[in-house]
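Take a look at the structure below.
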Amino acid sequence: MGKTRIGVLVGIIVFTAAISGCSQEGTLVVKNEGASEFKGTVENTQVTIDPGMSYSTSIYIGKTLAIVGPTELKVTIEGSAETKRLFSDVIQIKSDETTLYPLKDDVGACNFTNTYSLQINELSIKRCDDTTFGPNLIEKNHTIGPGTTRALQFDPGCWDILVNYGREGLLDTVEAVPITVGTIIHITWVPGYEYQLDGRVRALSGH
């Protein structure tokens, strides 16, 4: 085989390799550093990540033609947890690199259980040093029936919770509930309930 033909073949091989290109990929690791289970999507894939665990995936960025081609790609992460508000974030994934995305708590949470015999119509909250309660936190026509639990999220601080219950719209207030970021507290409510750090103190008021 002549040198000319060999040169042509080499040129064809090199050209073909350049046209076919090389796949560019990066690695994304989403680590749940929070206190509660995360549920959401990573680049349109449904994921559930327990506290302390990670989700790792390879992200296809594209192909390079010779030395020209994409080297990074934007990826969307969105979701929520009991101790993390619903969010949506866009990050850059670079070729041949591992990108770590930590999930961190940004709120506290309260599992509010109605252990009384009447339904809860409304729940409103205010900071302990405020005088006026905010709007109802319960969706319209979604009362909290006996034995039912509703998850609430709070910014850190001291909170009072106003409970509107029964057909007559009776009122009860759970006072001085301390909330810290990353903490989940449990309230098993009956009228006259008093919250303490161990969550065990209840006082029936005779309603």
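Let me have the relative contact order for segment 108-189, percent, based on Cα pairs under 8 Å that are six or more residues apart.
44 percent
Given a cut-off of under 8 Å on Cα pairs at least six residues apart, what relative contact order in percent is computed for segment 22-103?
41 percent
Please give me the summed charge of the neighbours of VAL174: other residues whose Cβ is under 10 Å from its Cβ, Lys and Arg +1, Asp and Glu -1.
Around VAL174, the surrounding residues sum to -4.
Which of LYS31/LYS94; LYS63/LYS84; LYS39/LYS63; LYS31/LYS74; LYS31/LYS126; LYS39/LYS140 have a Cα-Cα distance over 27 Å?
LYS63/LYS84; LYS39/LYS63; LYS31/LYS126
Fully extended, how many nm does the chain gain between ASN44 and HIS186 (0.36 nm per residue separation, minus their Cα-Cα distance)?
Difference between extended and current length: 47.8 nm.
Taking only C-alpha pairs under 8 Å that are 6+ residues apart, what is the relative contact order of segment 140-186 in percent?
34 percent
The numbers here are math on the coordinates, done by the rules we state, and not lab data. All of these numbers come straight from a predicted model, not from anything done at the bench. Neighbour counts are summed over all protein chains in view; Cβ atoms, including those assigned to glycine, are modelled from backbone coordinates with ideal geometry.
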